[in-house]
Amino acid sequence: MADARPFFWEYIPTPVAREVFQIEGGRPLAGSIRVSGAKNAALKLLAAAVLTGERCRLENVPEIEDVRVMAETLADLGVVVDHPAPGRYEVASGDVDWLFVPLEAAARMRASFILFGPLLSRFGRVIISNPGGDRIGRRPVNLHVDAMRALGAEIDYRNGYYFAKAPGRLRGGEVTFPFVTVMGTENAMLAATLAEGRTIIRPAAQEPEVDDLITFLVKMGAVVERTAPDTIVVEGRRRLRGADHRVIPDRIEAGTFALAAAMAGGRVTLEGAPCELLGALLEILGRVGVEVSCAGDTIVVEGTPPAAGAYRPCDIETAPYPGLATDLQPPTTVLLTRADGLSHVHESIFEDRLEWLAELRRMGARVEILDSRHATIAGPTPLSGAEVAIPDLRAGASLILAALAAEGSSLIHGAHHVHRGYENIDAKFQHLGARIQRLPETASTPHA
Ligand code: UD1
């Protein structure tokens with residue numbers, strides 16, 4: 001390991017450009033947009049590329065902040081990361097010389113913890129920061145750590161860091177989770193590809209992004225199979241090779257834009273949209289009375305503008321795939337403000353993913369937060385423009401949806417949260433006729 005790099009306390013967090021969204025609401029949307037590549041697949045595919053010294057090429061990678069953070073984190077390890085064109089990344093991990101993922105990376109992006117499995121498995125050791133919690137709850141990583149131990153890793157925890165080593169090589173084993181974890185499944189699977197022998201992961205997450213990762217690993221020469229819906233079996237290999245892969249489309253982005261059309265009204269076509277991956281959301285849209293049609297990889301949503309009538313109320317509950325994605329709960333909750341009657345929201349995956357509803361209330365929503373996982377929405381409430389602050393990625397996109405449908409103008413602070421996970425969201429909404437602008441946060445903007 002090279003010693004030339006600064007030790008972790010010398011890392012200075014990269015300043016984030018402070019921006020606001022300014023939105024003139026009350027205009028229906030119209031037109032068509034193309035869905036970007038999936039954030040939650042791309043980040044794991046980039047991490048998987050460190051399992052081999054050969055070059056891996058990824059296409060349809062979304063141009064978002066989290067991908068840039070992952071690319072920088074890899075580059076800091078000594079990995080060569082090329083970005084030859086928008087949406088294309090090439091990763092060559094021949095010379096990884098720094099098996100240390102600092103607090104700075106973990107603080108900027110929780111998903112940097114996905115490097116734990118691949119680095120430990122390929123190089124036999126790693127020091128990685130505990131990502132801690134974030135604005136949607138505690139978000140521990142104990143299940144990732146237990147999975148690595150089940151594969152023979154020796155792990156100490158000191159000063160907020162996991163010090164892990166695999167004497168010789170990781171050994172295949174039984175990884176049994178007490179409940180479904182997406183990144184836990186992925187970390188275990190990545191580690192197992194280079195372990196000695198067979199690993200069985202149960203219950204394995206069934207999210208489509210996990211299957212995209214399996215497809216890529218198989219192209220790299222890994223032996224990985226989903227033998228039952230909740231079971232993944234990995235036969236470890238001594239080495240993997242480079243591979244090319246196209247990232248699957250982002251079902252959360254597609255769902256967010258479908259909900260925007262429903263919320264603001266208008267006819268919106270989503271091209272390259274993964275209809276088959278959006279079953280739970282499309283079923284809810286049908287229940288509330290939004291017209292949706294799917295043909296091939298195109299979804300057309302026809303929303304009723306707020307002035308033209310209300311939707312039907314609906315109770316929603318998030319669940320692991322194929323249930324309603326927790327990442328689509330906030331924008332779906334926004335839509336329920338337009339339903340005539342009382343709707344219930346049950347957030348079953350994350351604690352504290354309802355707190356942002358206080359911001360939605362500033363726009364006129366009648367929301368009651370019953371506890372950290374339950375809320376009621378009484379509608380229909382015409383929303384009005386307001387000045388609000390974004391607490392996290394998905395709540396941020398949801399406040400944009402509310403502002404697009406609201407009468408009057410809104411100022412939404414904390415745009416950087418949204419750029420973490422949505423590619424050119426303002427340009428895409430402008431293309432659909434929305435009046436949305438991204439402006440620098442200045443001393444004259446309130447809240448600056
Ligand atoms: C991933 C997605 C995120 C999505 C979530 C659920 C990425 C980068 N993020 O997050 O967008 O909202 O799946 O679909 O892919 N848990 C533990 N211990 C652990 C790990 C998880 O208790 O070690 C708990 C979590 O606190 C949560 C539940 O398990 O309550 C599910 O979380 P998990 O599926 O692991 O979410 P992520 O993979 O972090």
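The values are calculated or read from the model by the stated rules, or taken from the named source; none is laboratory data. As the structure is a prediction and not an experimental result, all values here were calculated from the model. Cβ atoms come from the backbone with ideal geometry, glycine included; neighbour counts cover every protein chain shown. All accessible areas refer to the heavy atoms of the entire protein, side chains included, with ligands and DNA or RNA removed. Shrake-Rupley method; radii C 1.70, N 1.55, O 1.52, S 1.80 Å.
Below, the figures for the structure above:
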| read-out | value |
| --- | --- |
| Matching residues in region 175-211 - criterion: being touching a residue at least 40 places away in the same chain (Cβ under 8 Å) and either touching a Cys at 6+ places or on another chain (Cβ under 6 Å) or open to solvent by 40 Å² or more (accessible area, probe 1.4 Å) (or both) | V180, V182, E196, Q206 |
| Leading residue by the ranking (nearest to L393 (Cα to Cα)) among those in region 32-82 that are part of a loop (DSSP other than H, G, I, E, B) and in contact with an Asp or Glu (Cβ under 7 Å, 6 or more places away or on another chain) | I64 |
| Pair list, Cβ < 7 Å and 6+ apart or interchain, from region 99-127 residues that are in contact (Cβ under 8 Å) with a residue 24 or more places away in the chain to residues that are among the aromatic types (F, W, Y) and open to solvent by less than 20 Å² (accessible area, probe 1.4 Å) | A106/F113; V126/F116; I127/F100; I127/Y161 |
| Output for region 301-329, where each listed residue is more than 10 Å from the ligand (Cβ to nearest atom) and part of a loop (DSSP other than H, G, I, E, B) | T304, P305, G309, A310, R312, P313, C314, D315, P322 |
| Test set (1) among the hydrophobic types (A, V, I, L, M, F, W, C); (2) within 16 Å of the ligand (Cβ to nearest atom); (3) crowded, with 21+ Cβ neighbours inside 10 Å - V69 fails condition number | (3) |
| Unmet criterion (only one of (1) in the same structural domain as A264 (by TED's automatic domain parsing); (2) assigned to a helix (DSSP H, G or I)) for R27 | (2) |
| Filter result for L74 (assigned by TED's automatic domain parsing to the domain that holds T215 and either touching a Ser or Thr at 6+ places or on another chain (Cβ under 9 Å) or closer than 24 Å to A325 by Cβ (or both)) | yes |
| Extreme residue, nearest to the chain's Cα centre (by Cα), among residues of region 198-224 that are closer than 20 Å to L46 by Cα and in a strand (DSSP E or B) | V224 |
| Every pair of residues 6+ apart whose Cβ atoms lie under 8 Å, when the first sits in region 349-362 and is not assigned by TED's automatic domain parsing to the domain that holds A205 and assigned to a loop (DSSP other than H, G, I, E, B) while the second is more than 14 Å from the ligand (Cβ to nearest atom) and open to solvent by 40 Å² or more (accessible area, probe 1.4 Å) | L354/I369; L354/H374; E355/I369; R362/E387 |
| Failed condition for G303, given (1) crowded, with 18+ Cβ neighbours inside 10 Å; (2) closer than 27 Å to A205 by Cβ; (3) of a type in the set (G, A, S) | (2) |
